[in-house]
1. Of all residues in the stretch 237-266 being under 19 Å from G309 (Cα atoms) and within 12 Å of ligand 1 (Cβ to nearest atom), which is farthest from the chain's Cα centre (by Cα)?
2. Out of the residues in the stretch 143-187 that are polar (S, T, N, Q) and within 13 Å of ligand 2 (Cβ to nearest atom), which is nearest to the chain's Cα centre (by Cα)?
3. Enumerate the pairs (first residue in the stretch 297-317 and under 14 Å from D2 (Cβ atoms); second residue anywhere and surrounded by fewer than 16 Cβ atoms within 10 Å (Cβ to Cβ)) with beta-carbon separation below 6 Å, excluding pairs fewer than 6 apart on the same chain, so at least 6 apart or on different chains.
4. Kindly list, by first and then second residue, each pair from a residue in the stretch 240-252 that is under 12 Å from I361 (Cβ atoms) to a residue that is of a type in the set (F, W, Y) and more than 10 Å from ligand 1 (Cβ to nearest atom), limited to pairs with Cβ atoms under 9 Å and residues at least 6 apart or on different chains.
5. Under 8 Å between Cβ atoms, which residue pairs at least 6 apart in sequence (or on different chains) link something in the stretch 262-278 that is among the polar types (S, T, N, Q) with a partner that is buried (at least 17 other Cβ atoms within 10 Å of the Cβ)?
6. Farther than 28 Å from P26 by Cα, part of a loop (DSSP other than H, G, I, E, B) and in contact (Cβ under 8 Å) with a residue 24 or more places away in the chain: which single residue out of E363, E367 fits that description?
7. If a residue counts only when it is over 22 Å from K237 (Cβ atoms), which strands (runs of 3 or more DSSP E) contained entirely in the stretch 110-211 have at least 2 such residues?
Amino acid sequence: MDFKLTEEHLMIKEAARDFAKNELLPGVIERDEKQEFPKEQVKKMGELGFLGMMASPEYGGGGMDTVAYVLAMEEISKIDASASVVMSVNNSLVCWGLDTYGNEEQKKKFLSKLTTGESIGAFCLSEPEAGSDATSQRTTAIDKGDHYLLNGTKNWITNGSTADFYIVIAQTDVEKKHRGINAFIIEKGWKGFDIGPKEQKLGIRGSDTHSLMFNDVKVPKENRIGEDGFGFKFAMKTLSGGRIGIAAQALGIAAGAYELAKEYSKVRKAFGTEIMNHQAIAFKLADMHTSIEAARHLVMKAACDKDNGENYDLSGAMAKLFASKTAMDVTIEAVQVHGGNGYVKEYHVERLMRDAKITQIYEGTSEIQKIVISRSILKD
Ligand code: CAA
Ligand code: FAD
C-alpha cells in the first residue's frame, strides 16, 4: 500500500487546515453552546469547493478523488465536527449519489447547485421504526400515474432545516420488500412537507437534526433516482462511501484532541516537571498516536480502494468501526491529560469527546459495521 500524497493532495490538506483554523475555530465554542448552525462558514465552504469535492466538474464539482476528500474531512473535523458533518452529508451522501446514479436533468437541476453550496442537501433513510433495520421502511410513495404520493416520517435528518433538496427513501411496493424501495428528490417548501423541531443533542450541536413529516406530498415521476426498485441498493451503495467520510471525521476528532493533549502536556507542570515527563502521561500519548496512525491507514486504504475501483464495502466499514472507537478512546484520554481543565469548555477537548460519540452511531452503528464486516469475511 502506497499512500504517497501528491502536491495537489497536500495543497488541499493545507487549505482545509487554514480554513478550519481561520474560519471555524473562532466561535466554535459559542456555536456548540447555542446549537447554532455554522451558516456563514458553510457558505464559505461552498465557495472554496469543499461541498462538492468529488463531483464532476461539468456540474460544478471539484472532480477530486476520495483521498483528497478524506484529507479535507480530517482537517476540518479536528476543529469543528458540526461543520464537517454538513460537508460529509453534502459530499458523499447527496452529491455522490446524484452524480453516480442521477440522470442528466437531475444533475443539471440539483447537483450543479449542491456542489457549489448554493443549495444544501440532506439524505433521509432513517425512520422511527427503521434505523439499523433500514429495509423496514414505513414511509410510502404510491404510484399515481404521473406522480408518486409520499406519506410518512423520517427522523434524525442532518441538515434537516437548512437543506433545500432532500433525497428521501420510501417503499413503493410492500410486496417486493427491499426490492420495492425507491429514492426520490424532494424540494423544501412542497405542500405537505413539514419539518419538526431541532433535536437537542449531546454533540455535533452546531449541526441541525430534525424529523421530517410527509403528508400526501406529490412527487413528480422525474424525481425518482434510477430504475424502479433501485432505492435500497442506492442507499447502501451511497452509504458505503459515506462511511469512509465519517471514518475520516472520527479520525479528525481523534487527531484534534491528541494534538491539544500533546501541547498541553508540554506546558502543564506537576511535581516540578512538565506532565509529559510522567510516564503515565507519555504512555497515554503513545497509545493515542498509535491508534490514530492505525485509523489513518484504514481510512486511506478505504479511500484508495474507492479511487482504484476496488470494492470498498469492507474497507469502509472497518475504517469507520476502528476510527470511531479511536475517536472515543482518544478524546476520553485527552480530557484526562488536561485534568480539571479538560472538563471545561475553553480547552475544546470536552466538546471533541461529546462529538466523538456520534461517529459510533450514524451512517450505521458499530454493531452494524460488524455485521457488514463479518458477512463480508465469512461469505466465502
Ligand atoms: N451495496 C449494494 N447492495 C447492497 C449493499 C451494498 N453495500 N448492502 C446490502 N445490499 C443489498 C443486498 O444485496 C440485498 O439486495 P438483494 O437481495 O437484491 O441482493 C439488499 O441490499 C438487502 O441486503 P441485506 O439482506 O443484507 O439486508 P439486511 O436487512 O440484512 O440489512 C444492513 C443490511 C447492512 C444491516 C443495512 O440495513 C444497513 O446498512 N443498516 C444501517 C443503516 C444505516 O447505515 N443508516 C444510516 C442512515 S444515514 C446517516 O446516518 C447520515 C448521517 O448520520 C450523517
Ligand atoms: P437502533 O437501530 O434502534 O439500534 C439500537 C441499538 O441496537 C444500537 O446499539 C444498534 O447497534 C443495536 N442493533 C440494532 N440492530 C442490531 C443487530 N441486528 N445486531 C446487533 N445490534 C443491533 N439518518 C439518516 O437517514 N440521515 C441522516 O442525515 C442522519 N443523521 C443523523 C444525525 C444524528 C445526530 C443522529 C443521532 C442520527 C442520524 N441518523 C441519520 C440516524 C442514524 O443513522 C441512526 O440513528 C442509526 O442508523 C441507528 O438507528 P437507530 O437510532 O434507530 O438505532
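1. Filtering the stretch 237-266 for residues that are under 19 Å from G309 (Cα atoms) and within 12 Å of ligand 1 (Cβ to nearest atom), the one farthest from the chain's Cα centre (by Cα) comes out as K237.
2. At the first step, the residues of the stretch 143-187 found to be polar (S, T, N, Q) are 151, 153, 155, 158-159, 161-162, 171-172, 182.
Now narrow it down to the ones that are within 13 Å of ligand 2 (Cβ to nearest atom): 153, 155, 158-159, 161-162.
On the way: T153: 21, N155: 16, T158: 9, N159: 11, S161: 17, T162: 16 Å.
By that ranking, first place goes to T158.
3. M300/F3
4. A250/F322
5. Hits for this filter: S265/I275; S265/M276; S265/I281; S265/L285; S265/V337.
6. Numbers: E367 fails: part of a loop (DSSP other than H, G, I, E, B).
Selected residue: E363, the only one of E363, E367 that is farther than 28 Å from P26 by Cα, part of a loop (DSSP other than H, G, I, E, B) and in contact (Cβ under 8 Å) with a residue 24 or more places away in the chain.
7. Details: elements: 121-124, 140-143, 147-158, 165-171, 181-187, 193-195.
In the stretch 110-211, the matching strands (runs of 3 or more DSSP E) lie at 140-143, 147-158, 193-195.
Listed here are the residues, each with its yes/no results for (1) in a helix (DSSP H, G or I); (2) out of contact with any Cys (no Cβ under 9 Å at 6 or more places or on another chain); (3) among the hydrophobic types (A, V, I, L, M, F, W, C).
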| residue | (1), (2), (3) |
| --- | --- |
| N311 | no, yes, no |
| L314 | yes, yes, yes |
| A317 | yes, yes, yes |
| F322 | yes, yes, yes |
| R354 | yes, yes, no |
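The values are calculated or read from the model by the stated rules, or taken from the named source; none is laboratory data. Quick caveat: nothing in here was measured; it's all calculated off a predicted structure. Note that we place each Cβ from the backbone using ideal geometry, even for glycine, and neighbour counts take in every protein chain shown.
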